[in-house]
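Bear in mind that the values in this text are calculations on the coordinates, not laboratory data. These figures come from a predicted structure and were not determined experimentally. Every residue, glycine among them, receives a Cβ derived from its backbone with ideal geometry; neighbour counts consider all protein chains shown.
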Amino acid sequence: MLQDVDRFIQKHDLLRKGDTVVTGVSGGPDSVALLHYLTNKLSDYQLTVIAAHMDHGLRGEESLEDLAFVKRYCEHEGIIFETSSADVGLYKEVHQLSTQVAARECRYHFFEQIMERYCANALALAHHGDDQIETMLMRQVHGSTGAGLAGMPLKRPFSTGMIIRPFLGITKDQVLSYCDNHSLSYRIDPSNSSDRYVRNRFRQNVLPFLKEENPSVHLRYQLYSERLQSDEQYLMQQASAHLDDVIIEQNDKFVKLDIKSHQCLPIPLQRRVIHLILNYLYTGNAPFSSIHIEDLRLMLDSEHPSASLNLPLELRAVKSYTTCYFSFETFLHPEPYEYHLSLGGSVETPLGTITAVPIDSVPQHLSSNDFIIEEVAFPLVVRSRHSGDRIQPKGMIGTKKVKDIFIDRKIDRSERDVWPIIEDQTGHIIWVAGVTRSEKATLSAKKNRLVHLHYAKKLT
């Protein structure tokens, strides 16, 4: 075992001379073996080793006995010892987490504090090759995405240094043999054999079959892990480089995506762009799976102009023609508004500003955002749409629903309820700003007392 771990450390540059290494020690065989291994490397690497033990308070007297065991071992071996306790049950309730996730967060917070206290270069954890297989299988079955499918990284940045896992190249049996060969005592956590936990069910039912097929299966999985992580890192870099091309607008609760630009990307990058957007909106807490990403990709690729998906934690994705909105806010049901527009004045709406300026003659060049009317009674009303709104479009005899006009013109669904509508004092809609003008506001031959209405839409 020693040679296998030595080679793994050298191959991946996990330790360097003079490093200060915090070691997570639960008292079980894996962590005791790792602590013993590292302290026997003091002369080779000139290491400073700190043992860190977290009492999760989940197993009553047994937890206290684990703490006492690790403390005695460190005192006997002359190893620096740090400990802390946490009310995992309370933390779990406050943050609405599972017991295992709550315990992990408390534990890593403690490790971070100890690393900062000693300015440590590394946090050494005792995960071994069997743990890696179990992790990768669980994540495949439960729908992890991207780097999650690669299992545990052999090293990654953390606090003042790196998390390192020197035992990923060896098996649980090798760890137990190491403990026997060096007469190392250790504690056994009864929960490790309970089939209440998903990991234990994989350990008891799947892992033996894999090892029977290939005794070195842990090495194959570790190789898969390293390849997957390097491939994923490259693909994520490529996806990140395209974000500016795909994202039209964003803030901490909202992202607007250009569907056509997204569809121009290769499908592997499409998935990862979606992954990056969800990571951004969920701010590190990632409750989504590969199923959510694939559902989103298929929705964006669909020929249907409108669609929506409800995602975890009340995030909603809404497709409307060439854009897709991701938001935690109910932006499809905004507050209605109604303002009065005086002659020479302006009104600001959620989508842009409407101005009314008196002019002497009709300008030669007008856009769809300009509307010339003969002066009517002011103020005009600028409002959001109402259910059943109708307008008589210029050149038509009858009226048409504003809703149907929005559909015909492919106005984004998220903008329809806040699109500015201008009506006169008689209650007739004379202009759906930038979209449709009313026959009722057609200029007379005299063109007296003209008013220029202009819609300046906000830039996104």
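Of note:
- Straight Cα distances below 15 angstrom link Lys17 to the aspartates and glutamates Asp6, Asp44, with same-chain residues fewer than 8 positions distant left out.
- When the chain is described by a simple charge dipole with +1 on each Lys and Arg Cβ and -1 on each Asp and Glu Cβ, the residue from Ser193, His292, Gln3 located farthest towards its positive end is His292.
- Sequence-distant contacts, meaning Cα pairs under 8 Å at least 6 residues apart, place the relative contact order of the chain at 11 percent.
- Our compactness index for the stretch 338-457, the C-alpha radius of gyration over the empirical 2.2 N^0.38 Å, is 0.99.
- Computing FRET efficiency as 1/(1 + (r/R0)^6) for Lys458 and Ala377, where r is the C-beta to C-beta distance and R0 is 25 Å, gives about 0.30.
- Using 0.36 nm per residue and subtracting the Cα-Cα separation, the extra length available between Glu65 and His304 on full extension is 79.8 nm.
- Projecting the Cα atoms of Thr135, Ser177, His386 onto the charge dipole of the chain, computed from C-beta unit charges around the Cα centre, puts His386 farthest toward the positive end.
- Taking the stretch 233-377 and dividing mean pair separation by its residue count, relative contact order in percent (alpha carbons under 8 Å, at least six apart): 17 percent
- Alpha-carbon spread of the chain, three principal axes, descending order, Å: 107, 43, 41
- The label-point distance for Gln204 and Glu226, in a model that sets each label 7 Å from Cα toward Cβ, rounds to 3.4 nm.
- Calculated FRET efficiency, Thr83 to Phe254, Cβ-Cβ distance, R0 = 41 Å: about 0.40 to the nearest 0.05.
- FRET efficiency, 1/(1 + (r/R0)^6) with R0 30 Å, evaluated for Ser367 and Gln425 via beta carbons: 0.70
- Ala286 paired with Gln233, simple spin-label distance in nm, labels 7 Å along Cα-to-beta-carbon: 1.5 nm
- The alpha-carbon of Lys401 sits under 13 angstrom from the alpha-carbons of these aspartates and glutamates, leaving out residues fewer than 8 places away in its chain: Asp389.
- The stretch 1-85: equivalent-ellipsoid semi-axes (sqrt of 5 x gyration tensor eigenvalues, Cα, Å): 26, 13, 11
- Helix content alone sets the calculated 222 nm mean residue ellipticity of the chain: runs of n ≥ 4 DSSP H residues at -39500 (n - 2.57) each, divided across all residues, give -12000 deg cm²/dmol.
- Dipole orientation for the chain: of the candidates Ser240, Ser26, Ser302, Ser302 has the Cα lying most toward the positive pole (charges on Cβ; Lys, Arg +1; Asp, Glu -1).
- Normalised by the number of residues in the stretch 247-327, the mean separation of alpha-carbon contacts (under 8 Å, six or more apart) gives a relative contact order of 32 percent.
- Cβ crowding within 10 Å averaged over residues, with 172-181, 208-217, 235-244, 114-123 ranked highest first: 114-123, 172-181, 235-244, 208-217
- Straight-line reach from Lys319: taking Cα to Cα under 14 Å and skipping same-chain neighbours fewer than 8 places apart, the aspartates and glutamates in range are Asp258, Asp295, Asp301, Glu303, Asp412, Glu415.
- With Cα atoms, 0 to 90° folded angle of helix 172-181 axis to the chain main axis: 30 degrees
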